[in-house]
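Before any comments, here is the structure.
The values are calculated or read from the model by the stated rules, or taken from the named source; none is laboratory data. If you're wondering where the values come from, they're calculated on a predicted model, not measured in any experiment. For neighbour counting, all protein chains shown are included, and Cβ atoms are generated from backbone atoms with ideal geometry for every residue, glycine included. Calculation scope for accessible area: heavy atoms of the full protein, side chains included, ligands and nucleic acids excluded. Shrake-Rupley method; radii C 1.70, N 1.55, O 1.52, S 1.80 Å.
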Amino acid sequence: MPEASAEPLRLIETAALFAKLAGVDALLVGVSGGPDSVALLGLLAQWAAQNAVKLSSATVDHDLRDGSRAEAEQVARFAASLGVSHSILTWDSHLIGEFKKPAVVSQEAARDARYRLLGAYMRVAGISHLVTGHTLDDQAETILLRFLRGSGPAGLIGMQMRAETNGIVLHRPLLNVAKSRLIATCQERGWTYVADPSNENPRFTRVRLRRLMPELAKEGLSKARLVTLGRRMGQAEKAIEAQVGAVWAKALVGLDETAAGTRYALLETVRQFG
C-alpha cells in the first residue's frame, strides 16, 4: 500500500518529467507490469499523444515463475487500452541468437537478458530511445548497494536520468519520484499492476536492503539523503574531471605517444580513486 502522505502524480508534474523527451520521434517503454512501469506507460501514453511522439512498449517474459506469461499479456491488454503497441519478448528469442538461458538465473543475469532483448528489438524496430520506470527508491537502493561494495565517487553517483550505450539512449524520467506516488497514481486511475514475488524474496541483496531502509531512515540515512549523496558525488566527479582535463593538457605537452599514454593512465587512476 502507498504511504499515507503519497500523492498521485499530476499532469503538470508529468509534463515537466517528460520535457526532455520532447523532440524524440519514437520511444519504447520497458514495462514489467509493476506499478512503476505501469504508471510510466499510462502517463507517457497521454503525454506522447499530446506531443506527437510515437510510443510503443515491450515486456520481457523471463519465464522464471508460474504466471509470468499471463502478467505480460495483462500488460499487453493495458497497452492496447491506451492505443499503444506492445510486444512480449522471451529469453530464447531469435533476436539475441546464442544467448541462452542458464540453469540458475540471478537477478543480474535476468537484468542483462532484459536489456539485451530490448536493445535487439529496438534495433530491428528502428527505435533508439528506451524509457524505464526506475524510481527514487531504486536510486537509493543502488547507491546503498554500491556503497556497501566499496564504490568510489563515480559509482556512488548512482543511475543517470539519461545514459547512452551501444547506440541506445536510456531515459529514466521518474528517477526523482517516490515509488509510493506511482502506486497512488495507479490506484487513483484504476490501472492494474502486478506484484512480483521476487521483490519480497530475502535471498536477493536488494530485498534485504529494502527491508533495512526504514531502520536506516530512523538514524538519518533516508532514501532522500542517499539520493542527495549521489547528486553530490556527481558534482564532485565533474569537478575532478575538469581538473584532470586541465592537468592532462599540460602533462602531454612535448611527450611522445608512449609517454603520453602512460601519463594519461596515471591521471585516470587518480580520477577514479582520488
Report, ordered by the first and then the second residue, all pairs with beta carbons closer than 8 Å, sequence separation of six or more or different chains, a first member in segment 74-93 that is at positive phi, and a second member that is open to solvent by less than 30 Å² (accessible area, probe 1.4 Å) and not β-branched (Val, Ile, Thr). 83/45
Give just the number: which of (1) more than 18 Å from the chain's Cα centre (by Cα); (2) open to solvent by 30 Å² or more (accessible area, probe 1.4 Å) does residue 199 not satisfy? (1)
Within segment 182-194, identify whether any single residue is at pLDDT below 95, loosely packed, with under 14 Cβ neighbours inside 10 Å and not basic (Lys, Arg), and answer yes or no. no
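From the set of residues in segment 95-106 that are open to solvent by less than 70 Å² (accessible area, probe 1.4 Å) and more than 18 Å from residue 28 (Cβ to Cβ), which is modelled with the highest pLDDT?
The first filter runs over segment 95-106 and keeps only residues open to solvent by less than 70 Å² (accessible area, probe 1.4 Å), leaving 95-97, 99, 102, 105-106.
The next check asks that each one be more than 18 Å from residue 28 (Cβ to Cβ); those that pass are 97, 99, 102, 105-106.
Details: 97: 56, 99: 58, 102: 67, 105: 70, 106: 74.
Only one residue fits best here, namely 106.
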Tell me, yes or no, whether segment 137-147 has at least one residue that is loosely packed, with under 13 Cβ neighbours inside 10 Å, modelled with pLDDT under 95 and under 28 Å from residue 105 (Cβ atoms). no
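Which ones in segment 222-274 are modelled with pLDDT of 70 or more, over 32 Å from the mean Cα position of the chain (by Cα) and open to solvent by less than 60 Å² (accessible area, probe 1.4 Å)? Break it down into steps so the answer makes sense when it comes.
Filtering segment 222-274 down to residues modelled with pLDDT of 70 or more leaves 222-247, 249-250.
This time we only want the ones that are over 32 Å from the mean Cα position of the chain (by Cα), so: 246-247, 249-250.
The one that is modelled with pLDDT of 70 or more, over 32 Å from the mean Cα position of the chain (by Cα) and open to solvent by less than 60 Å² (accessible area, probe 1.4 Å): 246.
Can you tell me which residue among 33, 42, 23 is in a loop (DSSP other than H, G, I, E, B) and in contact with a helix residue (DSSP H, G or I) (Cβ under 7 Å, 6 or more places away or on another chain)? Steps first, please.
Working: 42 fails: in a loop (DSSP other than H, G, I, E, B); 23 fails: in contact with a helix residue (DSSP H, G or I) (Cβ under 7 Å, 6 or more places away or on another chain).
None of the others qualify; the one that does is 33.
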Just a yes or no: is a residue in segment 18-25 among the aliphatic types (A, V, I, L, M) and in contact with a strand residue (DSSP E or B) (Cβ under 9 Å, 6 or more places away or on another chain)? yes
Could you list, in sequence order, all residues of segment 71-94 that are open to solvent by 60 Å² or more (accessible area, probe 1.4 Å), closer than 14 Å to residue 121 by Cβ and in contact with a helix residue (DSSP H, G or I) (Cβ under 8 Å, 6 or more places away or on another chain)? 85
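Within segment 48-70, how many residues are polar (S, T, N, Q) and open to solvent by less than 30 Å² (accessible area, probe 1.4 Å)?
Residues of segment 48-70 that are polar (S, T, N, Q), as a first pass: 50-51, 56-57, 59, 68.
With the extra rule that they be open to solvent by less than 30 Å² (accessible area, probe 1.4 Å), the set shrinks to 56-57, 59, 68.
Going through segment 48-70 one residue at a time, the tally reaches 4.
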Can you name the residue in segment 153-180 that is out of contact with any helix residue (DSSP H, G or I) (no Cβ under 7 Å at 6 or more places or on another chain) and farther than 16 Å from residue 16 by Cα and is also most open to solvent (accessible area, probe 1.4 Å) among such residues? 164
